[in-house]
Amino acid sequence: ISHDMRTPLTAMLGFLEFVIENRVDDAQLKDYHSIMHKEGVRLNEMITNFLDMQRLKAKLYEYNFKPLDVRLLLKDVVAIFAGPSAKHSIIVGASSNLPPISGDDELLHQALSNLLSNAIKYSPEGSEVILDARLEENSVILWVKDAGIGVPSEALERIFDMFYRVEGTSQRQITGTGLGLALVKEIVSAHNGQVWVESTLGQGSTFYLSLPVVKGDC
């Protein structure tokens with residue numbers, strides 16, 4: 001994890017040192033700024049996931065469970081990724097009459113953001129990413145579906161393990177720490193729910209969360 005955190009930091013410092021010591025034209029400077037911003041976002045994501053994982057495992061997080069509107073939760077998550085510069089079509093298909101789920105808004109927002117971020121990262125520009133939900137007995141099943149590179153069958157059982165990463169050239173040098181999905185699993189477990197994935201290599205993946213609905217007058 002320390003090596004993976006140093007990599008984006010080293011890249012940012014390298015570009016900063018170059019522009020301090022050399023004259024660069026506006027177009028080149030813009031490219032360097034874009035790379036530094038991308039690496040900064042990546043480093044921030046690593047640190048956030050790592051610290052949140054440690055808080056949950058150490059039982060230091062103070063949960064705030066309350067009834068949550070599923071469709072509103074999904075729309076709030078999508079709003080972060082659906083700006084003018086978005087390169088994917090993100091679709092929310094959940095019905096507005098789904099019963100509320102019992103959950104911590106901040107944690108579930110983070111879990112869904114991690115899944116949506118991965119879907120965007122591992123699927124081609126211009127493709128669709130779908131967030132949807134359905135009622136199934138006493139739970140609501142939420143899912144994030146992409147048309148990306150998919151997950152090898154041998155990796156499906158380990159993909160939620162902490163620090164596990166799928167290796168292979170098909171990932172097009174996309175990097176990560178293996179923390180995002182592990183954090184999703186930890187969050188869902190804290191909600192007495194389940195998480196799983198269905199995937200076909202080269203055709204995309206669908207990540208599912210099963211979360212209990214609000215019971216009685218809670």
Pseudo-spin-label distance D69 to S189, built 7 Å along Cα→Cβ, given in nm, is 3.3 nm
Remind me, relative contact order of segment 27-183 in percent, using alpha carbon pairs under 8 angstrom and six or more residues apart? 21 percent
Compute the length gained on full extension between L51 and H37: take 0.36 nm times their separation in residues and subtract their Cα-Cα distance, giving the result in nm to one decimal. 2.9 nm
Hey, rough spin-label estimate for Q203 and E157, points 7 angstrom out along Cα→Cβ, what's it come to in nanometres? 2.2 nm
Which value, in Å², gives the accessible area per residue of segment 1-112 when a 1.4 Å probe is used on the protein heavy atoms? 64 Å²
Choose one answer from L107, L135, L16: the residue with the largest mean-square fluctuation in a GNM of the chain with alpha-carbon springs under 10 Å. L16
What residue among G204, G180, G126 has the largest mean-square fluctuation in a Gaussian network model of the chain, using Cα springs under 10 Å? G126
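Applying 1/(1 + (r/R0)^6) with R0 = 35 Å to the Cβ-Cβ distance of L9 and S95, what FRET efficiency is obtained, to the nearest 0.05? Spell out each step's value before the answer.
Numbers: r = 44 Å, r/R0 = 1.26.
Calculated transfer efficiency: 0.20.
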Treating each Cα of the chain as an identical point scatterer and ignoring solvent, apply the Debye formula and state log10 I(q)/I(0) at q = 0.09, 0.11, 0.12 Å⁻¹. -0.40, -0.59, -0.70
Could you work out what % of the accessible surface of the chain is carbon and sulfur, using a 1.4 angstrom probe and leaving DNA, RNA and ligands out of the count? 51 percent
Among beta bridges that DSSP assigns inside the chain, antiparallel share in %, nearest 5: 85 percent
If the elastic network links every pair of Cα atoms under 10 Å, which of Q54, Q28, Q194 fluctuates the most in the Gaussian network model of the chain? Q28
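Holding the Cα-Cα limit at 18 Å, pick out from K38/K75; K75/K185; K38/K121; K59/K185 the pairs that are longer than that.
Going by Cα-Cα distance, K38/K75; K75/K185 fall outside the 18 Å limit.
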Return the tail of the calculated pair distribution for segment 86-125, meaning the percent of Cα-Cα pairs more than 13 Å apart. 65 percent
Taking 0.36 nm per residue of separation and subtracting the Cα-Cα distance, what length does fully extending E125 through F18 add? 35.4 nm
Given 13 as the ceiling on other Cβ atoms within 10 Å, longest exposed-site-free region of the chain for GluC sites (Glu not before Pro) in DSSP loops: 63-124
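The values are calculated or read from the model by the stated rules, or taken from the named source; none is laboratory data. Computed from a prediction, not measured in an experiment: that's the story for all the values here. Methodologically, a virtual Cβ is constructed for each residue, glycine included, from the backbone with ideal geometry; neighbour enumeration extends over all protein chains shown. Accessible surface is based on the protein model in full, side chains and every heavy atom, while ligands, DNA and RNA are left aside. Shrake-Rupley method; radii C 1.70, N 1.55, O 1.52, S 1.80 Å.
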